[in-house]
Structure formats: structure tokens, C-alpha cells
Amino acid sequence: MDYLRTFADGGYWRVFTSAASRQRWQLLSVALFDLFSISVADYFRLLRRLGPTAKESLLTAALVLTALFIYKIGGDAWREVNSQKVTLEDRLKPQLEFVFDPVRYPACMEETKGEDGTVFWRMFRVALVNASDGVTVDDVEVLLAGLEVFEGAKGMTSLPAPLVRMGDDTLSPFPLNPGPTPVFLEVAGKVSAGTSNENISLQCAGQLPNDLAPGRYRLRIVAKSRNAPEVEVLLNMYVDVSGILQLEQASPSRPTEKRA
């Protein structure tokens, strides 16, 4: 029934017309009227001189060629309609996506500087958006799910640990409406001048201690919800030679990999 509805839908015929306009109809004209490099007028004069059997053969060939062209156009239109349908269905599905882009979303990096440009404090956040065109994602939770140490000493007591939302200290699951407006999750901050504390402060709720010694780390952040697939992103975190915290995206936002 879905195929019949699609076939009867006016949208299919619009796509069919569009596909027909893109065909190279001159090739059909050549195949029908210029096989022997003669003019159309000479072709029809020749046609009148042919017997009934030859005319029927040529007519059959013309009908077959025309049918093949129409079949090709129909196939192109059908594939385009189904492609549009699949794309629309995908866009309507609830879908979470992490974005770490301080240029696009300035809230991803917040810092305090002195008059001479010295960075006193820096905080990093990761944005989470609902990439769906029309479905709210319900009961969203964002967790620091993994911490890989390259240099330094691990200071977390346990993982996973929930991340704090910007401007909201509550840890209850939250809805995320569709559209480009993100929710920001606080990842880590560090004071880089004016204090003897050199540690990185992870912004995980309910986990003590949250401090990490300066070093190189890879964070795995996961977003779960009630009605959207689970997604994750990897972030590289380190302290540069000036003692300033740096954060770089190490993977695209992607479905969570299965782990043993």
C-alpha cells in the first residue's frame, strides 16, 4: 500500500517530470531518425516505400526505445522519491549531536584575562544539540564515561560521572527541543595564574576529588536519553607550557561504541 500511495502521490509525478526534463532526448531522436545519417524528410520518404512488415518492425523498435527511456525516467524518479523519503524520515528521528566549536558557540570556552592578555582562568564546555527537525529528545543525561591518562595522575574516584549543565546545578534528566540552540555541559576548568593550585578541575557532580594533576588526558563523554540513540565524543585535554588549559575534539560526535 505504501508503494501505491507513493505512486499516486503528486510529488512522484513532479519528480518524474523533473527527471524527464534531464534526459538526453536527442539521443532517442538520433536512434529513431538518424541511424543512417539521412534527413528526417528522407527518412519518412523511405518509410512510405517500405512494406507493412518493415514498417511494423521499425514501429516496434521505436516503441521499445521509447519504453526503455520511460522506464529509465521512472526508475530515476522512483529512486529520487525514496531518497527524499529516507532523508525526511532520518531528519524527523530524535538525534543527539555533540559540538565542540568555540568559534560557533563562544560558550564552549570561557576565560578571564588580564589587561596584558594573561589568562587567569579558563573553562571549557561541550555543546549538545537535538539535530532532529521535529522531535523533542526526552530525559537526556550527559556523563563523563571514560578518562584515559597519557601523562599525569588519575584523580577520579569512579566513572561514569554526570556533567553539570551551564547555569543549572540540578542533575535531573532534561528535555532537549529540536533546533540549533544547544545545551552546554561544563567539562573542565583551570586557574592558570595568580594561585599555587595547578590542578585541572573536572566539572563532574557528586564526585570527589575532581582535580587532576596537569598532564595529557582523553575524555569520553556520553549522552543518553529515553528516545534517541546514545552518542559519544572524545576530547583531548592538556595543559600547555604556559600552564593554560587546552581542549581539542578527538573524534566526531558518533553513536556509542559497544564495549565489552
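The values are calculated or read from the model by the stated rules, or taken from the named source; none is laboratory data. Computed from a prediction, not measured in an experiment: that's the story for all the values here. Cβ coordinates were reconstructed from backbone atoms using ideal geometry, including for glycine residues, and neighbour counts include every protein chain displayed.
Here are the numbers for the structure shown:
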quantity: Residue within the range 137-155 that is among the aromatic types (Phe, Trp, Tyr) and more than 15 Å from LEU235 (Cβ to Cβ) present; calculated: no
quantity: Residue list for the range 245-260, restricted to those being closer than 19 Å to ASP101 by Cβ and in contact (Cβ under 8 Å) with a residue 12 or more places away in the chain; calculated: LEU245, LEU247, GLU248, GLN249, ALA250, SER251, PRO252, SER253, ARG254
quantity: Tally of residues being over 18 Å from CYS204 (Cα atoms) and either at pLDDT below 80 or in a strand (DSSP E or B) (or both) across the range 136-181; calculated: 11
